[in-house]
Amino acid sequence: MIGMLRGTVWEIQAERLILEVQGVGYLLTVPSGLLGKAVPGQKLVLYTHVVIREDDIALYGFTSMVEKQLFLEMLSVSGIGPKAAISLLSTFGAAQIENAIVSENLNLLTKVPGVGKKIAQRLILELKEKFKGLALVSEETAIAADLNPSKHSDALQTLLALGFGLEEARRALVHAGKDGGELSTEEQVKKALRVLAGG
């Protein structure tokens with residue numbers, strides 16, 4: 001429906017911000033980390049997801065495809081709503097969330113407002129195997145130590161934009177980087193696509 005918005009921060013509210021895009025103000029719920037850094041007049045590109053319910057239509061915004069994809073993975077878990085998912089992303093970084101799920105760290109997950117023991121257990125039960133053995137790629141964390149984190153993040157976002165799933169994209173990039181050396185984003189994507197094609 002609306003996959004991405006590029007515009008200017010118009011107003012910042014308690015949990016949301018208004019992004020002005022060509023004269024239209026979009027009200028987006030975003031992680032608190034973004035709210036804390038955003039200022040009126042700032043140019044932003046946000047990857048978005050629309051949640052439609054009987055009594056509400058809400059637009060959620062994220063600064064990276066990785067963050068958005070993790071949000072969607074959490075929404076796929078039975079009993080996890082957007083409020084709990086955004087609360088997790090507001091309390092911890094994406095890498096911390098994934099590591100907590102893989103390591104079955106109930107104590108960490110239940111520190112998040114709105115996330116009780118049952119919700120944390122569901123997250124672990126349904127997502128642990130998806131994340132197991134796969135390092136989360138973000139602006140701060142690279143899959144492979146010999147790759148530039150920001151370039152690797154760009155490559156991952158390119159694969160996600162092409163329609164590949166988060167886990168298969170990461171796995172392909174791990175294999176693409178096994179030759180070592182400094183790879184450009186384009187080279188990483190090309191190698192990853194060959195891996196995904198079975199070549």
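The values are calculated or read from the model by the stated rules, or taken from the named source; none is laboratory data. Source: prediction; values computed, not measured. Reconstructed Cβ throughout: ideal geometry from the backbone, glycine too, with neighbour counts over all protein chains shown. Note: areas computed on protein heavy atoms with side chains; ligands, DNA, RNA excluded. Shrake-Rupley method; radii C 1.70, N 1.55, O 1.52, S 1.80 Å.
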Let me confirm something: among VAL45, VAL51, VAL39, VAL9, which residue is part of a strand (DSSP E or B), exposed (fewer than 15 other Cβ atoms within 10 Å of the Cβ) and either among the basic types (Lys, Arg) or at negative phi (or both)? VAL45
Which condition number in (1) without any contact (Cβ under 8 Å) to a residue 24 or more places away in the chain; (2) closer than 30 Å to ALA155 by Cβ; (3) of a type in the set (Ser, Thr, Tyr) is the one that TYR26 fails? (1)
How many residues of the range 72-95 are under 15 Å from the mean Cα position of the chain (by Cα) and either more than 19 Å from GLY36 (Cα to Cα) or aliphatic (A, V, I, L, M) (or both)? The answer is 13
Could you say whether any residue in the range 22-34 is under 20 Å from GLY81 (Cβ atoms), touching a Gly at 6+ places or on another chain (Cβ under 9 Å) and assigned to a strand (DSSP E or B)? yes
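Here's the yes/no breakdown for (1) in contact with a Pro (Cβ under 6 Å, 6 or more places away or on another chain); (2) at pLDDT 95 or above; (3) more than 25 Å from ALA161 (Cβ to Cβ):
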| site | (1), (2), (3) |
| --- | --- |
| GLN13 | no, no, yes |
| VAL21 | no, yes, no |
| LEU28 | no, yes, no |
| VAL45 | no, no, no |
| ALA58 | no, no, no |
| VAL66 | no, no, no |
| LEU75 | no, no, no |
So, of the residues in the range 96-118 that are open to solvent by 30 Å² or more (accessible area, probe 1.4 Å) and among the β-branched types (Val, Ile, Thr), which turns out to be farthest from the chain's Cα centre (by Cα)? THR110
